[in-house]
1. Yes or no: THR192 in contact with a Gly (Cβ under 9 Å, 6 or more places away or on another chain), of a type in the set (Ser, Thr, Tyr) and without any contact (Cβ under 8 Å) to a residue 60 or more places away in the chain?
2. Looking only at segment 15-51, filter to residues that are among the polar types (S, T, N, Q) and open to solvent by 10 Å² or more (accessible area, probe 1.4 Å); which one of those is farthest from TYR106 (Cα to Cα)?
3. Would you tally the residues in segment 72-95 being out of contact with any Ser or Thr (no Cβ under 8 Å at 6 or more places or on another chain), open to solvent by 30 Å² or more (accessible area, probe 1.4 Å) and either free of Cβ contacts under 8 Å to residues at least 60 places away in the same chain or among the aromatic types (Phe, Trp, Tyr) (or both)?
4. For ALA176, only one of the following conditions fails: (1) more than 29 Å from ALA29 (Cα to Cα); (2) assigned to a loop (DSSP other than H, G, I, E, B); (3) hydrophobic (A, V, I, L, M, F, W, C); (4) modelled with pLDDT of 95 or more. What is its number?
5. Suppose the filter is closer than 30 Å to ARG43 by Cα, hydroxyl-bearing (Ser, Thr, Tyr) and free of Cβ contacts under 8 Å to residues at least 60 places away in the same chain; does THR125 pass it?
6. Looking at segment 65-74, is at least one residue closer than 16 Å to ALA177 by Cβ and of a type in the set (Gly, Ala, Ser)?
7. Taking into account only those residues within segment 167-200 that are open to solvent by less than 40 Å² (accessible area, probe 1.4 Å), under 18 Å from GLY155 (Cβ atoms) and of a type in the set (Gly, Ala, Ser), which is nearest to the chain's Cα centre (by Cα)?
8. From (1) over 14 Å from VAL129 (Cα atoms); (2) in contact (Cβ under 8 Å) with a residue 40 or more places away in the chain, pick out the condition that doesn't hold for LYS172.
Amino acid sequence: MRIIAIRHGETEWNALGREQGQLDSPLTARGLKQAEAVAGRLRQLRFSALYSSDLGRALQTAEIVANATGAKIEQDAGLRERHTGIFQGLTTAQMAAQYPSEYSAYRASPYAYRVPGGESAQQRTERSVRVMNALADRHANETIVIITHGGFLIGFFEHVLGLTPGNAWRFKRQNAAFNAFDREDDKWSLETWNDTSHLDAVGSLDEPPSI
């Protein structure tokens with residue numbers, strides 16, 4: 001089976017460098033254009049189901065895809081971004097200023113450290129693997145589309161490629177990029193990562209992971 005995984009369009013907080021986590025921020029004008037562009041690409045493909053994170057920025061993107069393709073959106077809270085607890089809504093400079101000890105602990109162990117009130121990157125990755133396997137079991141021999149988040153995707157990406165956790169900064173994960181994973185005989189492989197060819201006329205932030 002095949003999962004086409006789309007990161008939501010650019011948001012106001014993406015543009016400002018604020019940590020979103022499981023809070024929300026609306027799509028920018030460019031983010032809406034990005035969603036329209038990826039919807040146009042998906043309209044050319046056959047897929048049997050459209051899933052979305054229940055966070056607003058993903059749903060905004062999914063609604064544009066649904067309008068373009070005729071697909072019905074199925075919300076799945078498991079597709080949410082990592083919950084980043086006390087850091088949500090802050091820039092990295094604000095995290096360091098307001099929560100110096102917690103930010104220092106995070107910087108020392110970014111994968112294993114659980115942000116107070118939130119998740120660790122390890123917990124997020126474990127969730128992404130559970131959710132992706134559950135979707136694959138539910139849709140054997142099908143192609144489906146999911147609208148999700150950069151952190152969710154990068155954790156699953158590292159898992160599929162067997163990378164040492166914490167190497168996400170080496171790979172771009174741009175808004176509204178087209179990504180695809182295949183599962184055969186219970187083994188995942190990466191087909192496409194961060195394809196933004198449909199965004200040539202719109203552009204997309206090269207946003208390195210902040211947390």
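1. no
2. Applying the filter and picking the extreme gives GLN44.
3. Selection size over segment 72-95: 4.
4. It is condition (1) that ALA176 fails.
5. Yes; evaluated as a whole, the condition is true for this residue.
6. Among the residues of segment 65-74, not one is closer than 16 Å to ALA177 by Cβ and of a type in the set (Gly, Ala, Ser), which makes the answer no.
7. Looking at residues that are open to solvent by less than 40 Å² (accessible area, probe 1.4 Å), under 18 Å from GLY155 (Cβ atoms) and of a type in the set (Gly, Ala, Ser), I get ALA177.
8. (2) is the only condition that LYS172 fails.
The values are calculated or read from the model by the stated rules, or taken from the named source; none is laboratory data. If you're wondering where the values come from, they're calculated on a predicted model, not measured in any experiment. FYI the Cβ positions are ideal-geometry reconstructions off the backbone, even for glycines, and counts take in every protein chain you see. The protein model used for the area step is the full one, side chains on, heavy atoms only, and it has no ligands, DNA or RNA in it. Shrake-Rupley method; radii C 1.70, N 1.55, O 1.52, S 1.80 Å.
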